[in-house]
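Q: First the structure, which I've put down as structure tokens, then a few questions once you've had a look.
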Amino acid sequence: MRDRIGALGQYIVKETGKPFNFKLIKTSTVYKGILFTVGTEDFLVTDDKRELLATTELIGMRTALDYPVKLAKRYTHAKFQHIDKKKEEIFIVNGKKYYIVRL
């Protein structure tokens, strides 16, 4: 998971062109290790294409009843319901390929 956080941090630095504090990246409690939050932005980060496809399919199928009550509103937001329409970006860090989807 540490390498995914590093890849996401470097991706954000590349996109913004500004220094970034990697401690601002928070991991999801439900989708631990693949869904990360930075401020109000959510990102799916993985180095395995199959894991990305499985997770996007799972998130797209789930309803509010599948989540804990406190988290249902967050994970049933429209950006999660239309996750299958989001385009993934390939980002290479130290010779390793990561798939990043901005939600």
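The values are calculated or read from the model by the stated rules, or taken from the named source; none is laboratory data. What you see is a predicted model, and the numbers here were worked out from it, not measured in a lab. Don't worry about glycine lacking a Cβ; one is built from the backbone with ideal geometry, like all the others, and counts go over all protein chains shown. Note: accessible area is taken over every heavy atom of the protein model, side chains too, but ligands, DNA and RNA are not part of it. Shrake-Rupley method; radii C 1.70, N 1.55, O 1.52, S 1.80 Å.
Q: Cβ-Cβ below 9 Å, separation at least six or inter-chain, first residue in the stretch 79-90 and open to solvent by 80 Å² or more (accessible area, probe 1.4 Å), second among the aliphatic types (A, V, I, L, M) and in a helix (DSSP H, G or I): which pairs?
A: Listed by first residue and then by second, the contacts come to 84/59.
Q: Continuing with the same structure: Given the condition open to solvent by 80 Å² or more (accessible area, probe 1.4 Å) and of a type in the set (Val, Ile, Thr), answer yes or no: does some residue in the stretch 45-68 qualify?
A: no
Q: Please determine, by comparing only the residues of the stretch 30-44 that are surrounded by 13 or more Cβ atoms within 10 Å (Cβ to Cβ) and β-branched (Val, Ile, Thr), which one is nearest to residue 89 (Cα to Cα).
A: Going through the qualifying residues, I end up with 34.
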